[in-house]
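Accompanying notes for the structure given below.
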Amino acid sequence: MSLDVDVSHRLGAFTLEAKFVADGRLTALFGSSGSGKTSLINIIGGLVRPMHGRVIADGLTLIDTERSIFVKMHRRRVGYVFQEGRLFPHLTVRQNLLFGRLFTPSQKRKLELSTVIDLLGIGHLLDRRPSALSGGEKQRIAIGRALLSSPRLLLMDEPLASLDEARKADILPFIERLRDEALVPIVYVSHSLSEVARLATTVVVLDGGRVTAVGSPADVLGRADLVYPESTPEAGTLVEAVVAGHDDQFGLTALDSPAGTLRAPRLDLAVGTAVRVRIRARDVMIAVRPPDGISALNVLPGRVVDLHDTEEMLVNVDLDCGGIRLVARLTRRSVQTLALHKGLAVYAILKSVALDKQTLARAPASGRLMSADASTGPT
């Protein structure tokens with residue numbers, strides 16, 4: 001799935017000028033509040049007609065102002081999941097799900113109800129009404145309803161924003177399954193760095209209505225210049241790793257990465273499974289000599305690449321560990337005490353307990369459930 005966007009639009013005093021090409025199963029539009037993410041996804045979905053530009057989804061032109069092309073939303077076969085589920089309160093879960101099929105011709109329906117029920121784990125909810133559902137359950141039903149419309153593109157506008165942390169943890173695995181198994185391309189809006197690091201296959205960063213970076217999560221999210229103030233506490237690095245083995249005696253899992261072996265609390269994943277590890281800057285300590293007599297199990301040799309002051313009177317220290325960029329967030333006093341400078345050989349220290357469910361996720365897998373029909377024109 002390729003998405004080619006080149007649009008400009010003015011909304012009051014705000015100007016959106018976004019240009020990018022994305023290839024991947026889940027394209028995340030990432031940026032701080034007010035950066036233009038929702039405006040852009042509304043243009044892609046057909047809710048907003050841009051003043052100028054084009055949108056091409058997998059070779060199909062949805063918008064081209066120069067050629068006076070604007071495919072209406074109901075003809076784009078685009079599924080939309082909002083921050084709230086927006087379910088019909090008078091219908092059961094089953095009826096809400098089936099509503100998504102009403103406007104899709106039978107010959108273009110790609111998913112059966114039973115498949116969606118299994119994908120989202122909602123079989124026990126079918127006879128309930130929305131008032132009897134939790135926030136996370138409502139979002140799963142909203143996703144299922146959108147899927148049953150057999151979209152060629154699924155848009156998700158901060159679908160976890162209204163949920164507490166427990167409900168987010170419940171629904172994230174289902175979005176991962178959707179990304180890996182449904183093979184419906186997803187455009188996912190979020191200002192949460194941890195969500196984007198876990199879910200995205202392509203990241204598009206927006207700032208002030210303009211695209212400032214496009215690429216893989218590992219490449220984009222490791223850039224210190226793209227960390228926004230509201231997500232600064234989450235600054236860090238995304239590392240690709242593979243499950244190397246399990247230590248059942250101590251409840252640990254070894255992960256092989258280019259930076260070195262990492263030990264995390266026991267993961268219920270088979271040896272050889274590819275994972276993503278989000279190493280947060282606040283969890284990294286630095287030593288200038290090989291550490292001895294410490295509890296932390298992860299010690300990675302590296303070298304200081306750069307130092308950046310932050311607005312909180314702290315310092316982000318960029319490290320090169322085996323070709324992988326890590327970031328450590330230190331006080332200015334620590335930087336001065338250790339006499340850190342560019343080129344200095346150091347050791348990055350990371351506690352195993354810092355690699356928790358918020359920082360570890362299975363890497364995107366090859367899809368196998370169904371594919372969107374992008375070859376057929378609008379109907």
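The values are calculated or read from the model by the stated rules, or taken from the named source; none is laboratory data. Just so it is clear, the structure is predicted and the values come from calculations on it, not from any experiment. Virtual Cβ from ideal backbone geometry, glycine too; neighbours counted across all protein chains shown.
Taking (1) surrounded by fewer than 17 Cβ atoms within 10 Å (Cβ to Cβ); (2) touching a His at 6+ places or on another chain (Cβ under 6 Å); (3) not aromatic (Phe, Trp, Tyr) in turn, Thr253 satisfies each apart from (1). When region 210-234 is filtered for residues that are part of a helix (DSSP H, G or I) and modelled with pLDDT of 60 or more, the ones remaining, listed by number, are Pro217, Ala218, Asp219, Val220, Ala224, Asp225, Leu226, Glu234. Scan region 190-225 residue by residue and report those that are farther than 21 Å from Asp180 by Cβ and among the polar types (S, T, N, Q). Within region 190-225, just Thr212 meets the criteria.
For region 126-142, a residue qualifies if it is among the small types (Gly, Ala, Ser) and part of a loop (DSSP other than H, G, I, E, B), and exactly one does: Ser134. The residue of region 94-110 that is nearest to Arg152 (Cα to Cα), among those that are charged (D, E, K, R) and crowded, with 16+ Cβ neighbours inside 10 Å, is Lys110. Any residue that is buried (at least 16 other Cβ atoms within 10 Å of the Cβ) and touching a strand residue (DSSP E or B) at 6+ places or on another chain (Cβ under 8 Å) - is there at least one of those in region 111-123? No, every residue in region 111-123 fails to be buried (at least 16 other Cβ atoms within 10 Å of the Cβ) and touching a strand residue (DSSP E or B) at 6+ places or on another chain (Cβ under 8 Å).
In region 23-34, how many residues are at pLDDT below 90 and either over 17 Å from the mean Cα position of the chain (by Cα) or of a type in the set (A, V, I, L, M, F, W, C) (or both)?
Taking region 23-34 and keeping what is at pLDDT below 90, we get 23-25, 31-34.
Narrowing the set further to residues that are either over 17 Å from the mean Cα position of the chain (by Cα) or of a type in the set (A, V, I, L, M, F, W, C) (or both) leaves 34.
Residues flagged as at pLDDT below 90 and either over 17 Å from the mean Cα position of the chain (by Cα) or of a type in the set (A, V, I, L, M, F, W, C) (or both) within region 23-34 amount to 1.
In summary, strands (runs of 3 or more DSSP E) completely within region 249-338 and bearing 2 or more residues that are closer than 14 Å to Leu360 by Cα and in contact with a Lys or Arg (Cβ under 8 Å, 6 or more places away or on another chain) occur at 252-257, 274-280. Counting the residues of region 63-83 that are under 30 Å from Gly123 (Cβ atoms) and exposed (fewer than 15 other Cβ atoms within 10 Å of the Cβ) gives 1. Which members of region 63-84 meet the condition of being in contact with a Pro (Cβ under 8 Å, 6 or more places away or on another chain) and either of a type in the set (S, T, N, Q) or closer than 22 Å to Arg210 by Cα (or both)? Within region 63-84, Ile63, Thr65, Gln83 meet the criteria. For residues that are part of a loop (DSSP other than H, G, I, E, B) and of a type in the set (D, E, K, R), scanning just region 46-62, find the one that is surrounded by the fewest Cβ atoms within 10 Å (Cβ to Cβ). For region 46-62, the residue satisfying everything is Arg49. Among the numbered conditions (1) surrounded by 14 or more Cβ atoms within 10 Å (Cβ to Cβ); (2) closer than 16 Å to Ala354 by Cα; (3) without any contact (Cβ under 8 Å) to a residue 60 or more places away in the chain; (4) not aliphatic (A, V, I, L, M), the only one that Ser295 does not meet is (1). Within region 8-45, being part of a strand (DSSP E or B) and under 17 Å from Thr201 (Cα atoms) holds for Phe20, Val21, Ala22, Asp23, Leu26, Thr27, Ala28, Leu29, Phe30. Within region 340-371, being charged (D, E, K, R), over 17 Å from the mean Cα position of the chain (by Cα) and modelled with pLDDT of 85 or more holds for Lys342, Lys351.
Each row is one residue, and each column tells you yes or no for (1) of a type in the set (Gly, Ala, Ser); (2) outside any loop (DSSP other than H, G, I, E, B); (3) modelled with pLDDT of 90 or more.
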{"position": "His124", "(1), (2), (3)": "no, yes, yes"}
{"position": "Leu163", "(1), (2), (3)": "no, no, no"}
{"position": "Phe174", "(1), (2), (3)": "no, yes, no"}
{"position": "Val189", "(1), (2), (3)": "no, yes, yes"}
{"position": "Glu195", "(1), (2), (3)": "no, yes, no"}
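One residue stands out among those in region 63-93 that are assigned to a helix (DSSP H, G or I) and either closer than 17 Å to Arg152 by Cβ or not basic (Lys, Arg) (or both): the one that is nearest to the chain's Cα centre (by Cα), which is Met73.
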